[in-house]
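See structure below.
The values are calculated or read from the model by the stated rules, or taken from the named source; none is laboratory data. Keep in mind the model is a prediction, meaning the values are calculated, not measured. Don't worry about glycine lacking a Cβ; one is built from the backbone with ideal geometry, like all the others, and counts go over all protein chains shown.
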Amino acid sequence: MKEKTGKERAFISWVKSKCKQHGVECSLRNVKYLKLSGNIKCSGYFDDGGDKHPKLVVAMNRADWLGILVHEYCHLTQWAEGHELWEKAGKSLACVEDWLSGSSVRNISHHLANARDLELDNEKRSVNLMRKWNLDIDIDDYTKRANAYIQFYNYLRTTRRWSKPTNSPYTNSNLLLAMSNKFNMNYKKMSKKVEKAFINENI
C-alpha cells in the first residue's frame, strides 16, 4: 500500500472519530475486494446493522480507496440523519439482491429506482465532502464514475446481473466517455447513448 499523506491520515482519523461517535465499527482492510453476499464482490460498504452493530468497511489496498472511504462514510451520514431514502432503499436493496439471485420480486423497477436515488444523493454528498476537505481526488473523474454507477441501477433492469469486478461500470473507460462530469444527467431513464454504451461494453 502506498504511504498515506498527512491529509489522508487526518481524514481517516476524522472518519474513525465520527464512526466512534455514532457507535459504528470502522474496519479498513488491507485487501482489494470484499465479499458482500453470494458471489457479489465490492470495494466497500456501510451496513447499519439492523438490530446488530453498524459497520463501515473499506478495501484499502487499491488506488481508489480514498474515494470509496468518502462514499461509504457519506452513507453513514444518510443513516445517522435518518434520511427518508435510507430506510426506503434499505428495504429495496434487499429486494434487489433477492431478484439478482433469481427470486421473483414484484415491482422491481420501483426498488431499483429507490437504490439509484439513494446513490445519487450519496454521490452528491461525497463530492461536497471531497471539496470541503480539499482531498486529492479528481472531482470531474470521480463524478463521471459516480454517474456510471448510478446509471448502472437503471441498466440492471435489463441484464438482471451484477457487474464483474474486472468490468465494473465505474472502471470501464469507454463507458465513462458517455458520462457527464456533473450531476446533470437524466437519472429516471437512460438516454439511448448511455444505454448503447452499457450494451457495447457488456457491463
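Brief remarks on what is shown
- In the stretch 186-198, residue nearest to Asn167 (Cα to Cα) [restricted to those that are surrounded by 12 or more Cβ atoms within 10 Å (Cβ to Cβ) and within 21 Å of the chain's Cα centre (by Cα)]: Phe198
- Filter result for Phe152 (at pLDDT 95 or above, over 15 Å from the mean Cα position of the chain (by Cα), of a type in the set (Phe, Trp, Tyr) and under 21 Å from Asp64 (Cβ atoms)): no
- Check on Arg106, among the charged types (D, E, K, R) and touching a helix residue (DSSP H, G or I) at 6+ places or on another chain (Cβ under 8 Å): no
- Among the residues listed as Glu72, Glu81, Glu25, the single one being charged (D, E, K, R), modelled with pLDDT of 95 or more and more than 25 Å from Lys4 (Cβ to Cβ): Glu81
- Test: residue in the stretch 30-40 that is at pLDDT 95 or above, in a strand (DSSP E or B) and under 12 Å from Glu72 (Cβ atoms): no
- Taking each residue of the stretch 55-74 that is closer than 9 Å to Gly44 by Cα and looking for partners that are of a type in the set (Ser, Thr, Tyr) and part of a helix (DSSP H, G or I) with beta-carbon atoms closer than 7 Å, six or more apart or interchain, yields Leu56/Tyr73; His71/Ser126.
- Residue, farthest from Thr166 (Cα to Cα), within the stretch 59-92, restricted to residues that are polar (S, T, N, Q) and crowded, with 19+ Cβ neighbours inside 10 Å: Gln78
- Residue count for the stretch 99-119, restricted to those that are buried (at least 18 other Cβ atoms within 10 Å of the Cβ) and under 22 Å from Gly82 (Cα atoms): 9.
- Scanning the stretch 151-179 for residues that are surrounded by 15 or more Cβ atoms within 10 Å (Cβ to Cβ) and among the small types (Gly, Ala, Ser) returns Ser163, Ser168, Ala178.
- Against the conditions (1) of a type in the set (A, V, I, L, M, F, W, C); (2) touching a Cys at 6+ places or on another chain (Cβ under 6 Å); (3) more than 23 Å from Phe11 (Cα to Cα); (4) crowded, with 22+ Cβ neighbours inside 10 Å, Ala148 satisfies every one except (2).
- The selection criterion, being touching a residue at least 60 places away in the same chain (Cβ under 8 Å) and either surrounded by 18 or more Cβ atoms within 10 Å (Cβ to Cβ) or not small (Gly, Ala, Ser) (or both), holds for Val96.
- Residue check for Leu56: touching a Cys at 6+ places or on another chain (Cβ under 7 Å), surrounded by 13 or more Cβ atoms within 10 Å (Cβ to Cβ), on the phi < 0 side of the Ramachandran plot and at pLDDT 95 or above: yes
- Scan of the stretch 1-50 for residues that are of a type in the set (Lys, Arg) and out of contact with any Phe, Trp or Tyr (no Cβ under 8 Å at 6 or more places or on another chain), ordered by number: Lys2, Lys4, Arg9, Lys16, Lys20, Arg29, Lys32, Lys35
- Residue list for the stretch 163-173, filter: touching a residue at least 24 places away in the same chain (Cβ under 8 Å) and more than 17 Å from Lys32 (Cβ to Cβ): Pro169, Asn172
- Unique residue being part of a strand (DSSP E or B) and not hydrophobic (A, V, I, L, M, F, W, C) when the list is Tyr45, Tyr73: Tyr45
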